[in-house]
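Here the structure comes first, spelled out in structure tokens, and everything after it is commentary.
Please treat every number below as a calculation from the coordinates, not as lab data. Keep in mind the model is a prediction, meaning the values are calculated, not measured. Cβ sites come from the backbone with ideal geometry, for glycine too, and all protein chains shown count toward neighbours.
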Amino acid sequence: MLNKNIFILGSTGQVGKELCVNLKKNNSLNLYCHARNFVSAQFFIKKKIDVIIGDLNENNVIDQISKADLIFDLAAPSSGSLTEIKKFYEIRLKIILNNMKRNSIFVLASTMNAFGLSDNRKKLKNYFLPSSIYSANKRYAENYCKSLGTKNSVKTFVIRLSEIHGSTQRATENLKKLI
């Protein structure tokens, strides 16, 4: 992926920070991270990672979306009713996918629990009901992003994350010390 423009949305969370730090090591990429405000951007500024500051619907952010060859969206609302969270994903995904260039790539971070896990079986299985409200909302976002991607000629992918650990998480550092 030589000289490709990669834009990480939801980059101020733990997975986003880990992804940005690791992608920064590849000098053949043009990496940009998103932060909603200057305070949230400090991590990236300190790490010398290019950061775009603003709300998702601001011109500078939309401009970066339109230039990206690949966008990772790691954002998820921390609270809200089912209707509010559904609306969050609808608005967010419309802004992103309607402004991406044709044949670019969009990756949505979801959860492995979007299709539920049985207590008796440890392997992921396509259950009718997701295992939580968060998982149900992520499943909705997965389907909505695929639909918008098809409409806008954007290649969409879903990555279903499981347990998250990394160098920016204190729990990981504590585990290293204990080991």
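Side notes on the structure shown:
- For the peptides 145-155, 54-64, residues were scored by their other Cβ atoms within 10 Å and the scores averaged per peptide; the highest-first order is 145-155, 54-64.
- Entries in Lys17/Lys94; Lys24/Lys155; Lys46/Lys101; Lys48/Lys87; Lys48/Lys86 that, when Cα-Cα distance is taken, lie over 32 Å: Lys48/Lys87; Lys48/Lys86
- Surrounding net charge for Tyr134, when Lys and Arg each add one and Asp and Glu each subtract one, Cβ distance under 14 Å: +2
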